[in-house]
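See below for the structure under consideration.
The values are calculated or read from the model by the stated rules, or taken from the named source; none is laboratory data. For clarity, every value in this text was computed on a predicted model and none was experimentally measured. Virtual Cβ from ideal backbone geometry, glycine too; neighbours counted across all protein chains shown.
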Amino acid sequence: MAQARILAAALLAAMASPAAFADEVGDGRALYETECAYCHFSAELPLAGRRDPGARLVPVMMATYGPRLAGIVGRAAGADPAFNYSESFVAETRDLVWTAPNLDRLMTDARAMIPGVRMFYRQPDADIRRKILAYLETTG
């Protein structure tokens, strides 16, 4: 709960200054591409084949392992129709909505939040998580 309050306070502070928030988003985009895109591809790729003029591809040398994250904030867990979620993920995330605090918990330690999930990502740095979340909030 304390992490959620810290994250909310940081996001409110960033939103108070549009330039600071833009920096957070830019940093978050760069971090997303190094921390997340290897498995989730570009967060700017639309769901269900929709084409956005500003979308760009992040080249990867292998198939992606996770669902697309464009528009993840506010979306129900397991809602990307193009991804085959594991049975354990579906069972553990029933009725879960990806809010900023839930995504922060997931990025902190995916397997601690959702036992049996294939995702093995853990990011102990709250600053990195906050910046990635700032970016993800702009992709929907």
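Listed residues Y121, Y85; which is over 12 Å from the mean Cα position of the chain (by Cα), under 15 Å from G66 (Cα atoms) and at pLDDT below 95?
Unique residue meeting the criteria: Y85.
Hey, could you check the range 90-104 for residues that are surrounded by fewer than 18 Cβ atoms within 10 Å (Cβ to Cβ) and part of a helix (DSSP H, G or I) and say which is farthest from the chain's Cα centre (by Cα)?
By that ranking, first place goes to A91.
Return the pairs, sorted by first residue and then second, in which the second residue is crowded, with 16+ Cβ neighbours inside 10 Å and of a type in the set (A, V, I, L, M), the first residue lies in the range 82-109 and is touching a residue at least 60 places away in the same chain (Cβ under 8 Å), the beta carbons are less than 8 Å apart, and the residues are 6+ apart or on different chains.
Close Cβ pairs satisfying both conditions: A100/L7; A100/L11; A100/V73; A100/L133; P101/L7; D104/L7; D104/L133; R105/M113.
Would you check which residues across the range 116-128 are more than 11 Å from C36 (Cβ to Cβ) and touching a residue at least 24 places away in the same chain (Cβ under 8 Å) and list them?
Result: G116, V117, R118, A126.
Could you check the range 105-126 and list, in sequence order, the residues that are in a loop (DSSP other than H, G, I, E, B) and surrounded by 14 or more Cβ atoms within 10 Å (Cβ to Cβ)?
Once the filter is applied, which keeps residues that are in a loop (DSSP other than H, G, I, E, B) and surrounded by 14 or more Cβ atoms within 10 Å (Cβ to Cβ), the range 105-126 yields D109, I114, V117, R118, M119, Y121, Q123.
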